[in-house]
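Here you go, one structure.
Since every read-out is calculated from the coordinates, none of them should be taken as a lab result. Computed from a prediction, not measured in an experiment: that's the story for all the values here. Cβ atoms come from the backbone with ideal geometry, glycine included; neighbour counts cover every protein chain shown.
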Amino acid sequence: MTQRADISGGTAATADGTAKRRQWMSVLARASADEISARLEGCGTLPDCQILRGPETGLVMVRGRAGGGGAPFNLGEMTVTRCTLRTPEGTVGHAYIAGRDKDAARLAALVDALMQDSAKAKVLQARVIAPLAAAQRARREAIARKAAATKVQFFTMSSMRT
Amino acid sequence: MAYVAVKGGERAIDNAHAWLAEQRRGDTGVPEIAPRQIAEQLGRAVDRAMAEGAIYDRGLGALAVKQAQGDLIEAAFLLRAYRTTLPRFAYSLPLDTGAMHVARRISATFKDLPGGQVLGPTYDYTHRLLDFTLEQEASPPAAAETETDLAPMPRVQDILAQEGLIEPDALPGADDPGKPPADLTREPLSFPAGRDARLQALARADEGFVLAMGYSTQRGYGGSHPFAGEIRMGEVAIEIEPPELGFAIDIGDITLTECQMVNQFAGSKTVPPQFTRGYGLAFGHCERKAMAMALADRAMRAAELGEDVTAPAQNIEFMLYHCDNIEATGFVEHLKLPHYVDFQSELENVRRMRAEHEAAAQATRKAAE
């Protein structure tokens, strides 16, 4: 049995389910181990999961596009840490996150697995994903507000006279 | 000539490295800096080490800068060596700089472009006077904030593209799904080198080299009348499509600087006069590098656009063979390694030639007498 067959599986994907999973995975990818574990504290006992792969650190070659929208080219690599685990119920969770934080990858894979269980997803969405997403949005918005404050307001001589 | 193995020097080398470590630490009465401090407070050095080391990881970049005592080529070398210890998981999907969370975005060609001129954290317009207040520890006041929507900013080339005045991004045949882009980490350079290989080489090239070559095009060695159409810096999300998932996932953000140079072009038999473009993209906040890269990229497109190739910056082989500072430093610095046997043979050659020269001179003198 190949490793790939071993680690795949899990929920039957619907378009809506995939979109939701992509969303929570993108939030988990931007969270540190401390941030995830702090949010998990109020979520009851966590299951003992079987680690299927990792957590292990490797590289992703980042591709850009010539001119911004043309043919792809290889820009350079970034470190990425991944983890795959299986819950006692048999759900497989995956994580691929930028950087080298192995604890974060393991926790992200755990939350990914638990989020696929609709009985647990509601609590986790409210206690883990939503607050993490809100913090990430707040950080982005703070940067956007600082950028906006450096936006040049051109004026002309005629408007100066008014 | 027989090769004579020379042993020894091990103790000298060990002691030299121990002294290096002591010197790196410096005066122990001064607090040691942590990589975290370097990442936070010497961010541009980390950006450069990451760009030229061709691996994005701020923690590793900061560690490399610390280990190299701030020698950024040495730091990039350390990063290139480290990356060889890691497995490659995937290639990302091509990133979309149009969706960048912009911290800075300016255009020198359009004053009133949608989204406006956003200066961001820039050294432009500073007076380059040494700020002696930085000698003391101080917390600067918080940066000003203004309410804004988070709408992505359109790229400047899309504005000119609407009138057909600028070459399109995707030239016919440029995007061939059956042919993955060149990867210099997997295959050595080969010529003719496509734009994909050139852009990868430039993105990790030495900033000083690319800067000098870009500058040379402005001074007339292959000039192409550039305008900074747009420079933008900010965070871009990276996506991969792991086979075990079967759909694309977002793995986090990286900070990038992008430059679109807009250049005059007289047109050719098949193409009407229009603006052409050079492109720069690199890890981190590195505007000088991105701008110089865009100039160099445009210069290296000379042959493709039917222009005369006369200047060094237009010579693709010259540029690609000399832009990488890890390769360059390896070949230049290898000269200091023991060449005792090589030199011994040269020495004997020169002695023999001098003896022959002297013999010939004597023969000439005798004949003259």
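Among the lysines, which fall within straight-line cross-link reach of A:LYS122, defined as a Cα-Cα distance under 28 Å, with same-chain neighbours fewer than 8 residues apart omitted?
Of all the lysines, those that pass the test against A:LYS122 - Cα under 28 Å, at least 8 places apart if same chain - are A:LYS20, A:LYS102.
How crowded by other chains is B:117-125, given as the mean number of beta carbons from other chains within 10 Å of each beta carbon?
Values: counts 5, 8, 5, 5, 3, 1, 0, 0, 0.
Averaged over the peptide's residues, the number is 3.
Write down the Kirkwood hydrodynamic radius of the protein assembly as shown, to one decimal in angstroms, obtained as one divided by the mean of 1/r over all alpha carbon pairs. Mind showing how you got there, number by number?
On the way: mean 1/r = 0.0376 Å⁻¹.
Its Kirkwood hydrodynamic radius stands at 26.6 Å.
Further question: Using only the alpha-carbon atoms, what does chain A span along each of its principal axes? Please give whole angstrom values in decreasing order.
75, 41, 30
Output the peptides B:328-340, B:179-191, B:299-311, B:73-85 sorted from most to least packed, where packing is the average of other Cβ atoms within 10 Å over each peptide's residues. Display every interim value, and only then the final one.
Numbers: B:328-340: 9.8, B:179-191: 13.8, B:299-311: 16.8, B:73-85: 18.5.
Highest to lowest by the protection proxy: B:73-85, B:299-311, B:179-191, B:328-340.
Right, something else. Which angle between 0 and 90 degrees, to the nearest 10, do you get for helix B:340-368 versus the longest principal axis of chain B when only C-alpha atoms count?
Once rounded, one gets 60 degrees.
Cα to Cα, under 13 Å, and not fewer than 8 places away if on the same chain: which aspartates and glutamates meet these conditions relative to A:LYS120?
Qualifying aspartates and glutamates at Cα under 13 Å: A:GLU89, A:ASP112.
Highest first, please rank the peptides A:116-128, B:356-368 by the mean number of other Cβ atoms sitting within 10 Å of their residues.
The packing order, highest mean first, is A:116-128, B:356-368.
Still on this structure, I have one more. Taking every DSSP beta bridge with both residues inside the protein assembly as shown, roughly what % is antiparallel (nearest 5)?
On the way: 49 of 55 bridges.
Within the protein assembly as shown, antiparallel bridges account for around 90 percent of the total.
Over all distinct alpha-carbon pairs, what is the Kirkwood Rh of segment B:79-161 in angstrom? Spell out each step's value before the answer.
Numbers: mean 1/r = 0.0569 Å⁻¹.
One over the average 1/r among Cα pairs gives 17.6 Å for segment B:79-161.
Per-residue mean of other chain beta-carbon atoms within 10 angstrom of the beta-carbon, peptide A:90-103?
Mean inter-chain Cβ contacts per residue within 10 Å come to 3.
Can you give the calculated 222 nm mean residue ellipticity of chain B, where each DSSP H run of n ≥ 4 adds -39,500 (n - 2.57) and the sum is split over every residue, rounded to the nearest 500 deg cm²/dmol? Walk me through the intermediate numbers first.
Details: 12 runs with 141 residues, N = 369.
Value at 222 nm, helices only, nearest 500: -12000 deg cm²/dmol.
Percent of alpha carbon pairs in segment B:16-83 separated by more than 19 Å? All intermediate terms of the calculation are to be shown ahead of the outcome.
Working: 665 of 2278 pairs.
It works out to 29 percent of all Cα pairs.
Show which lysines lie in cross-link reach of A:LYS146 when reach means a straight Cα distance below 27 angstrom and same-chain residues fewer than eight apart are skipped.
B:LYS111, B:LYS289
List the extent of the Cα atoms of segment B:127-270 along each of their three principal axes, largest first, rounded to whole Å.
59, 53, 39
So how far, in whole Å, is the C-alpha centre of segment A:94-133 from the one of segment B:55-81?
With segment A:94-133 and segment B:55-81 each reduced to a Cα centre, they are spaced 32 Å.
Further question: Please provide three numbers in whole Å: the alpha-carbon extents of segment A:80-162 along the principal axes, with the largest listed first.
Per principal axis, max minus min of the Cα coordinates gives 74, 29, 13 Å.
Could I ask something else about it? Highest GNM mean-square fluctuation, chain B, Cα pairs closer than 10 Å: which of B:PRO94, B:PRO154, B:PRO312?
Top of the fluctuation ranking is B:PRO94.
Quick one: angle between helix A:15-29 and the longest Cα principal axis of chain A, in degrees between 0 and 90, rounded to 10, please.
80 degrees
Using packing as a proxy for protection, rank B:24-35, B:283-294, A:56-67 so that the peptide with the highest average count of other Cβ atoms within 10 Å comes first.
On the way: B:24-35: 10.5, B:283-294: 26.4, A:56-67: 22.6.
Per-residue mean Cβ counts within 10 Å order the peptides as B:283-294, A:56-67, B:24-35.
On average, how many beta carbons from a partner chain sit within 10 Å of the beta carbon of a residue in B:55-67?
Shielding by partners across B:55-67 averages 3.
Can you give the Kirkwood hydrodynamic radius for chain B, in Å, rounded to one decimal and based on Cα pairs?
24.5 Å
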